[in-house]
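Have a look at the structure below before the remarks.
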């Protein structure tokens, strides 16, 4: 599908139906998710009153549910295949599957280290996990803190963004002082 098609409810339904009716992941427009995002963004930004507003809300809900189902089906097909075939997957879907592959690798590493008595590897994994840094966005002001790495951080105002040690970040998140952000945010 080299040409980019404008997205609407009917075309999205046709894509979903085709995906459901076939066992393999189907070839679709590489810009599909971007087109859906643009369509929904434009739709949500339109201001309607009364019945038109209800129609718009129903349309947004319908497109949201079809898109969620389409993504779920495509990811499940790819995950359940004997051999992962990336050829018909979109970049966004590959992003999801790459994280699943990393999760499997981490499980295998921990299980293998545990079953083979590799205590040093388990300790290293644990230490690396605890000492990693996390990027936070502060929801409330906070005074200067001393991190688990013994460095000082802050003070921070609401909406400040900072990178701090994992253990400190976890405490601030649990107290609803900050939220974790990722590059996707």
Checklist line | Compactness index (Cα Rg / 2.2 N^0.38 Å), region 87-185 | finding: 1.38
Next item on the list: Give me the angle, in degrees from 0 to 90, between the Cα long axis of helix 50-80 and the longest principal axis of the Cα atoms of the chain, rounded to the nearest 10.
Entry: 70 degrees
Next item on the list: Report P(r) for region 9-88: all Cα-Cα distances, bin width 10 Å, range 0 to the bin holding the largest distance, values in whole percent.
Entry: 16, 44, 25, 11, 3, 0
Checklist line | Residues listed by number, region 13-54, amide nitrogen under 16 Å from residue 69 label point at 7 Å toward C-beta | finding: 13-22
Note to self: From the P(r) of region 132-185, could you give the percentage of C-alpha pairs in the tail past 12 Å?
What the structure shows: 60 percent
Next item on the list: Sort 83, 123, 167, 19 so that the residue with the fewest other Cβ atoms within 10 Å of its own Cβ comes first and the one with the most comes last.
Entry: 83, 123, 167, 19
Next item on the list: Find the centroid of the Cα atoms in region 155-185 and in region 94-149, then give the distance between the two in whole Å.
Entry: 16 Å
Item checked: Modelled label reach - residue 161, point 7 Å along Cα→Cβ, region 119-137 residues with backbone N closer than 19 Å -> 133-137
Next item on the list: Mind giving me the nanometre distance, one decimal, between the label points for residue 148 and residue 123, set 7 Å out from Cα along Cα→Cβ?
Entry: 1.7 nm
Next item on the list: Could you tell me which label, among (i) 40, 29, 12; (ii) 27, 18, 15; (iii) 21, 19, 16, carries the value of semi-axes √(5λ) of the Cα gyration tensor in Å calculated for this structure?
Entry: (i)
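The numbers here are math on the coordinates, done by the rules we state, and not lab data. Bear in mind the structure is a predicted one, so any value in this text is a computation, not a measurement. Every residue, glycine among them, receives a Cβ derived from its backbone with ideal geometry; neighbour counts consider all protein chains shown.
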